[in-house]
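Data block below; observations after.
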Amino acid sequence: MQLSSKHLLGIRQLTAQDIQLILDTASQFKEVLQRPIKKVPSLRDVTIVNLFYENSTRTRISFELAEKRLSADTVNFAVSGSSVSKGESLLDTVNNILSMKVDMVVMRHSATGAPHFLSKHIQASIINAGDGINEHPTQALLDAFSITEKLQSLRGKKIAIVGDIMHSRVALSNIYLLRKMEAEVMVVGPPTLIPKYLQEAFDIRVEYNLLKALQWCDVANVLRIQLERQNQVLFSSLREYNLAYGIKKSVLAQLKKEIVIMHPGPINRGVEIDSDVADSQQSVILQQVENGVAVRMAVLYLLAGQRES
């Protein structure tokens, strides 16, 4: 089987069959990562450029590790500090990449649509590692993989996405993926952090009461408050936010069931989630980090196969 596209620009462009293929392939690569020798020669003659215009630690390291595990040749462009305008910088990038004869580009950019722009100008496969507040597809895929590890399936499962929905590309990619895989979705947070269009556009639930949401869901995916993306005051204080929407042991103790706790990171401990919850048995946050390498290996491997066909 093959993916339906030569790029991974977003979950929006994937089919349910694409998503399942990536998850199944990731499962095979996770087995590889448990072996004493974790390296395979799958991408030995493939050159990959990691092009990060935004600061990133977790995603960049995860992609680099995935590339090394597949034996690819990698080039890292540290351009996160660049202040050049979007159009000029991307066109310069196009020319550089064309001259380097690279096969794949992993790209993170603060401008929505930047990977889509690049995909129209070069032959290399483009993987979106996050564009503006649009999408972060590999994060949604690793979240889905982590849920299926715990609950065996996505279909019919109830997932609550909690927090700063307005500024989160992780939220949007997760919503696209979960709806395509027939899961039920609820977004939870202050009214000022939930876009008005979501409920109708995606056929999802909206809830402003955290306890009600947690009583409903099987999984709570807790998002970071992105103060750096907020250009106005959207809630009174971080302390007030924690009191109303922070995931605490005392809140979870009121539930009559045990739910799965997730977080894409980095965590603001004591704001959206307390340390004793983040480090508890209910949390799969560290498993998400581990699964990120397997999922990104799967994406790279499948796109490389598409390139050769």
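The values are calculated or read from the model by the stated rules, or taken from the named source; none is laboratory data. Everything numeric here is computed off the predicted structure, so don't read it as measured data. Every residue, glycine among them, receives a Cβ derived from its backbone with ideal geometry; neighbour counts consider all protein chains shown.
Is region 200-212 home to any residue that is modelled with pLDDT of 95 or more, more than 20 Å from Pro266 (Cβ to Cβ) and of a type in the set (S, T, N, Q)? Looking through region 200-212, at least one residue is modelled with pLDDT of 95 or more, more than 20 Å from Pro266 (Cβ to Cβ) and of a type in the set (S, T, N, Q). Residues that are under 16 Å from the mean Cα position of the chain (by Cα) and of a type in the set (Asp, Glu) within region 123-173 comprise Asp131, Glu135, Asp143, Asp164, listed in sequence order. Considering region 213-235, and only residues there that are of a type in the set (D, E, K, R) and buried (at least 17 other Cβ atoms within 10 Å of the Cβ), the residue that is modelled with the highest pLDDT turns out to be Asp218. Taking the criterion of being in a helix (DSSP H, G or I) and at pLDDT 95 or above, the residues of region 61-88 that qualify are Ile61, Ser62, Phe63, Glu64, Leu65, Ala66, Glu67, Lys68, Arg69. Consider region 43-60 and keep the residues that are surrounded by 24 or more Cβ atoms within 10 Å (Cβ to Cβ) and assigned to a loop (DSSP other than H, G, I, E, B). The one that is nearest to the chain's Cα centre (by Cα) is Tyr53.
Which one is farthest from Val46 (Cα to Cα) among residues in region 104-132 that are surrounded by 17 or more Cβ atoms within 10 Å (Cβ to Cβ), of a type outside the set (Gly, Ala, Ser) and out of contact with any Gly (no Cβ under 9 Å at 6 or more places or on another chain)? The qualifying residue farthest from Val46 (Cα to Cα) is Leu118. Taken as a whole, the condition of being within 22 Å of Asp203 (Cβ to Cβ), without any contact (Cβ under 8 Å) to a residue 24 or more places away in the chain and not in a strand (DSSP E or B) does not apply to Ser173. Just to be sure I understand, how many residues within region 183-208 are aliphatic (A, V, I, L, M) and assigned to a loop (DSSP other than H, G, I, E, B)? Residues in region 183-208 being aliphatic (A, V, I, L, M) and assigned to a loop (DSSP other than H, G, I, E, B): 3 in total. Please determine, by comparing only the residues of region 157-170 that are outside any helix (DSSP H, G or I) and of a type in the set (Lys, Arg), which one is surrounded by the most Cβ atoms within 10 Å (Cβ to Cβ). Applying the filter and picking the extreme gives Lys157.
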